[in-house]
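Undergrad: Can you read through this structure? Questions will come right after.
The numbers here are math on the coordinates, done by the rules we state, and not lab data. Small disclaimer: the values here were computed from a predicted structure and weren't measured. Positions of Cβ are generated from backbone atoms using ideal geometry, with glycine treated the same way; all protein chains shown enter the neighbour counts.
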Amino acid sequence: MRILAVDDDPFILELLKEIIGHIGDHTLETAESGPEALAMMREANRFDCVLLDFQMPVMNGVEVCRALRTLDGYDQTPVVMLTAMSEKRYIDAAFLAGATDYINKPFEISDLRVRLGVISSLVDARRDNGMTFSATPFGHRTSTDNAPLALHKPFEIRDIDGVVDVVALENYVSKLSRSRLFGSSVFAISIRRIEQLFMQVTPFDFQCMIVDVAEALSDTLGERNFIAPSTTQTKDPLPA
């Protein structure tokens, strides 16, 4: 992978160069500020993964993460927060801004190796599936690919407050459990007669309907600091 590490501490950047140079087939470039990193990301050669410090001058990691998600080609780029900030409010802010994973300093080399291995597999999978995003009538986005949409096939949603990538949600829940930051509640919803609705509209209109449901949930729960997966999948039918 081609990785960009962003940190205002030159020692951390040098340490990452040494570590990443020995743990896989990766190349690493570095930036010491958010504006410098964003300028590098706007260049023609795109990065496959971004490592972000949280506390930096001018722009913090959350602000950089939000900004890079608006850049062409960075919708699905994995972003890993690599930071000493361990309180839940920082973790929440990072994932809601679009982070894929969150690693606390000081980090274990073995842990970083495993995390980058998972990220590399994710990058390869997303590259192979040919996924793109199409705008919905209300300005959100939903994923499309070359294969036809089926009722039980998952798809992703973008640009709704509180809705995060499904891989990020898995990492978020894992991070909270490892850090013993409990106190969250989990619930799910179902849509009645979903099979009938799927048969009555076009595949894209069906996706737009699901996006509208996600937006309604976001509007309803917006004041409760909620996080929901962006991958939407209907429930498999019950056996006859």
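Undergrad: Could you size up the charge dipole of the chain around its Cα centre, putting +1 on the beta carbon of Lys and Arg and -1 on that of Asp and Glu, and report it in debye to the nearest 20?
TA: Its charge dipole is roughly 700 debye.
Undergrad: Suppose only helical runs count, i.e. DSSP H with n ≥ 4. What mean residue ellipticity at 222 nm does that imply for the chain under -39500 (n - 2.57) per run, divided by all residues and rounded to the nearest 500 deg cm²/dmol?
TA: -12500 deg cm²/dmol
Undergrad: By average Cβ neighbour count within 10 Å, what is the ranking of 31-37, 140-146 from highest down?
TA: 31-37, 140-146
Undergrad: Name the residues whose placed amide hydrogens come within less than 5 Å of the amide hydrogen of M81, ignoring near sequence neighbours (fewer than 5 apart) on the same chain.
TA: Result for M81 returns L52, T100, D101, Y102, I103.
Undergrad: Students often check this: by mean Cβ neighbours within 10 Å, which of 151-158, 84-91 ranks highest, and how do the rest follow? Don't skip to the end; give the middle numbers.
TA: Numbers: 151-158: 17.2, 84-91: 15.1.
Result, highest mean first: 151-158, 84-91.
Undergrad: Could you give the length gained by full extension between T220 and D8, i.e. 0.36 nm per residue of separation minus their alpha carbon distance, to one decimal place?
TA: Fully extending the segment from T220 to D8 adds 72.5 nm.
Undergrad: Amide H of T144: which non-local residues (sequence gap of 5 or more, or other chain) have their own amide H closer than 5 Å, using H built in the peptide plane?
TA: Here T132, F133, S134 satisfy the definition.
Undergrad: I would also like to ask the following. Test of understanding: extend the Cα→C-beta vector of R89 to 7 Å, then name every residue of segment 192-229 with backbone N under 13 Å from that spot.
TA: Correct set: none at all.
Undergrad: Here's a follow-up. For the chain, modelled as a Gaussian network with Cα springs under 10 Å, which listed residue fluctuates most, A97, A39, A228?
TA: A39
Undergrad: What is the local net charge at D9, summed over the other residues whose Cβ is closer than 10 Å to its Cβ (Lys, Arg +1; Asp, Glu -1)?
TA: Around D9, the charge tally is -4.
Undergrad: Can you compute 3J(HN,Hα) from phi for each residue in segment 14-30, using the Karplus curve 6.51 cos²θ - 1.76 cosθ + 1.60 with θ = phi - 60°, rounded to whole Hz and x for Gly and Pro?
TA: Once θ is set to phi - 60°, the couplings for segment 14-30 become 5, 5, 5, 4, 5, 5, 5, x, 10, 10, x, 8, 10, 10, 10, 10, 10 Hz.
Undergrad: I need the peptides 52-64, 206-218 ranked by packing, meaning the mean over residues of other C-beta atoms within 10 angstrom, with the highest value on top.
TA: Numbers: 52-64: 19.7, 206-218: 17.9.
Averaged packing, sorted descending, gives the order 52-64, 206-218.
Undergrad: Right, here's the next one. If you stretched the chain out fully between I109 and M199, how much longer would it get, using 0.36 nm times the residue separation minus the C-alpha to C-alpha distance?
TA: Details: separation 90, 0.36 × 90 = 32.40 nm, distance 5.04 nm.
Contour length minus Cα-Cα distance gives 27.4 nm.
Undergrad: A follow-up question, please. Note the count of lysine pairs whose C-alpha atoms are less than 19 angstrom apart in the chain, limited to pairs 8 or more residues apart or on different chains.
TA: So the count of such lysine pairs works out to 5.
Undergrad: Using the Karplus equation 6.51 cos²θ - 1.76 cosθ + 1.60 (θ = phi - 60°), what ³J(HN,Hα) coupling, rounded to whole Hz, does each residue of segment 6-11 give in order, writing x for Gly and Pro?
TA: 10, 7, 7, 9, x, 5
Undergrad: State the answer as a single residue: which of A31, V62, P106 lies farthest towards the positive end of the charge dipole of segment 1-129, with beta carbon charges of +1 for Lys and Arg and -1 for Asp and Glu, about the Cα centre.
TA: V62
Undergrad: Could you tell me how many degrees, from 0 to 90 and to the nearest 10, lie between the Cα long axis of helix 109-129 and the main elongation axis, the longest principal axis, of the Cα atoms of the chain?
TA: Compared with the principal axis, the helix lies near 40 degrees.
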